[in-house]
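To start, the structure under review is shown below, and the notes come after it.
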Amino acid sequence: STATPVITNEAGFQVYTWKFTNVPAISTEDFQKSANDLYPRILFSTAKDRAGLYEEFQKQAAFSYGLNTDMKNVVAAISAENKEKTDILLKLQEKVVTELRLYPVPLRYTGFTSRTAQETWNSNGGTPIEKAVLLTALLKEAGVEANPVFMIRNSLYDESIGSLLDIEDILVKAELPGTGPVWLSVNTLNPQNLFRYRSEEHTSELQ
């Protein structure tokens, strides 16, 4: 937008005020895109950009992806029973999805924190980011390159605006030699092609 704010100082705070006119009402017409995608919105953040925000977020101990002996033994057993990387990947996903409880708590309500993979494993359950960290750790131990991925609606995505409030889902991106990346859910087994994801969403990978 080319709109510029009026900046004032009030009680020691710098206040930015935007004024918009002729803003249309949201239509009640059926079959529109979800989340009012076609309408204007205001996005703002005190973070300089997404890259810096994600870098700070990943300074947590969870993103060291450490495993305990029990976790390593499980990966070793699955790897011994399945020679193909794809089979190993799917077995590890199945274990995380079916054997560990999901606590559907958004990041904003956990203070944007995540427990470690070991803590999630020992408690037999975790939030979406905690289960993603756990699955990533197990995959890395199995020799699969993997990272958690944030799913963000394209209409909300802007590299220059750092925000963790627009995350709609958290997946795990795994790289398979010769086949490319697959995106793995941590709360349900994938019912469709693992090599595709919804085009209306953007993926932000945590390195």
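The values are calculated or read from the model by the stated rules, or taken from the named source; none is laboratory data. For clarity, every value in this text was computed on a predicted model and none was experimentally measured. No Cβ is skipped: glycine too gets one built from the backbone with ideal geometry, and neighbour counts run over all protein chains shown. To get the accessible areas, we keep the full protein, side chains included, count just its heavy atoms, and leave off ligands, DNA and RNA. Shrake-Rupley method; radii C 1.70, N 1.55, O 1.52, S 1.80 Å.
Show the residue pairs meeting these rules: Cβ distance below 8 Å; 6+ apart or different chains; first residue within segment 50-65 and at positive phi; second residue open to solvent by 40 Å² or more (accessible area, probe 1.4 Å).
Cβ pairs passing all conditions: Tyr65/Lys140.
With respect to Ile152, is the statement that it is under 18 Å from Ser185 (Cα atoms) and touching a residue at least 12 places away in the same chain (Cβ under 8 Å) true?
Numbers: under 18 Å from Ser185 (Cα atoms): yes; touching a residue at least 12 places away in the same chain (Cβ under 8 Å): yes.
In short, yes.
Could you list, in sequence order, the residues of segment 82-115 that are under 16 Å from the mean Cα position of the chain (by Cα) and assigned to a loop (DSSP other than H, G, I, E, B)?
Across segment 82-115, the qualifying residues are Tyr103, Pro104, Val105, Pro106, Gly111, Phe112, Thr113, Ser114, Arg115.
Pairs needed: first member in segment 108-129, touching a residue at least 40 places away in the same chain (Cβ under 8 Å) and among the aromatic types (Phe, Trp, Tyr); second member anywhere, in a helix (DSSP H, G or I) and surrounded by fewer than 16 Cβ atoms within 10 Å (Cβ to Cβ); C-beta distance under 8 Å; at least 6 residues apart or different chains.
Here the result reads Trp121/Asp70, each pair linking segment 108-129 to a residue that is in a helix (DSSP H, G or I) and surrounded by fewer than 16 Cβ atoms within 10 Å (Cβ to Cβ).
Looking at segment 6-23 only, could you name the residues that are part of a loop (DSSP other than H, G, I, E, B) and either open to solvent by 100 Å² or more (accessible area, probe 1.4 Å) or not polar (S, T, N, Q) (or both)?
Of the residues in segment 6-23, the ones part of a loop (DSSP other than H, G, I, E, B) are 11-12, 18-23.
Those that are part of a loop (DSSP other than H, G, I, E, B) and either open to solvent by 100 Å² or more (accessible area, probe 1.4 Å) or not polar (S, T, N, Q) (or both): Ala11, Gly12, Trp18, Lys19, Phe20, Asn22, Val23.
Taking only pairs six or more apart or across chains, which ones have beta-carbon atoms under 7 Å, a first residue in segment 133-148 that is at positive phi, and a second residue that is of a type in the set (Val, Ile, Thr)?
Final answer for the pair search is none.
Quick test of your reading of the structure: Val23 fulfils all but one of (1) free of Cβ contacts under 8 Å to residues at least 12 places away in the same chain; (2) over 22 Å from Glu159 (Cβ atoms). Name the failing condition by number.
Single failed check for Val23: (1).
Residue under question is Ile26, and the condition is that it be open to solvent by less than 50 Å² (accessible area, probe 1.4 Å), β-branched (Val, Ile, Thr), farther than 18 Å from Leu107 by Cβ and out of contact with any Ser or Thr (no Cβ under 6 Å at 6 or more places or on another chain); does it hold? Walk me through how you get there before you give the answer.
Numbers: open to solvent by less than 50 Å² (accessible area, probe 1.4 Å): no; β-branched (Val, Ile, Thr): yes; farther than 18 Å from Leu107 by Cβ: yes; out of contact with any Ser or Thr (no Cβ under 6 Å at 6 or more places or on another chain): yes.
Taking the combined requirement at face value, the residue does not satisfy it.
From the list Asn124, Asn147, which one is polar (S, T, N, Q) and surrounded by fewer than 16 Cβ atoms within 10 Å (Cβ to Cβ)?
Asn124
Picking from Ser45, Ser79, Ser27, which residue would you name as being of a type in the set (Ser, Thr, Tyr), assigned to a loop (DSSP other than H, G, I, E, B) and touching a helix residue (DSSP H, G or I) at 6+ places or on another chain (Cβ under 9 Å)? If you could, list the steps in order and put the result at the bottom.
On the way: Ser79 fails: assigned to a loop (DSSP other than H, G, I, E, B); Ser27 fails: touching a helix residue (DSSP H, G or I) at 6+ places or on another chain (Cβ under 9 Å).
Ser45 is the lone residue from the list that is of a type in the set (Ser, Thr, Tyr), assigned to a loop (DSSP other than H, G, I, E, B) and touching a helix residue (DSSP H, G or I) at 6+ places or on another chain (Cβ under 9 Å).
List every residue pair whose Cβ atoms lie under 8 Å apart, where the two residues are 6 or more positions apart in sequence or sit on different chains, the first residue falls within segment 89-104 and is within 16 Å of Lys72 (Cα to Cα) and open to solvent by less than 10 Å² (accessible area, probe 1.4 Å), and the second residue, located anywhere, is among the β-branched types (Val, Ile, Thr) and not in a loop (DSSP other than H, G, I, E, B).
Leu89/Val182; Leu92/Val75; Leu92/Ile78; Gln93/Val172
Ala3 passes all but one of (1) closer than 28 Å to Ile167 by Cβ; (2) in contact with a Phe, Trp or Tyr (Cβ under 9 Å, 6 or more places away or on another chain); (3) not in a loop (DSSP other than H, G, I, E, B); which number fails?
(3) is the only condition that Ala3 fails.
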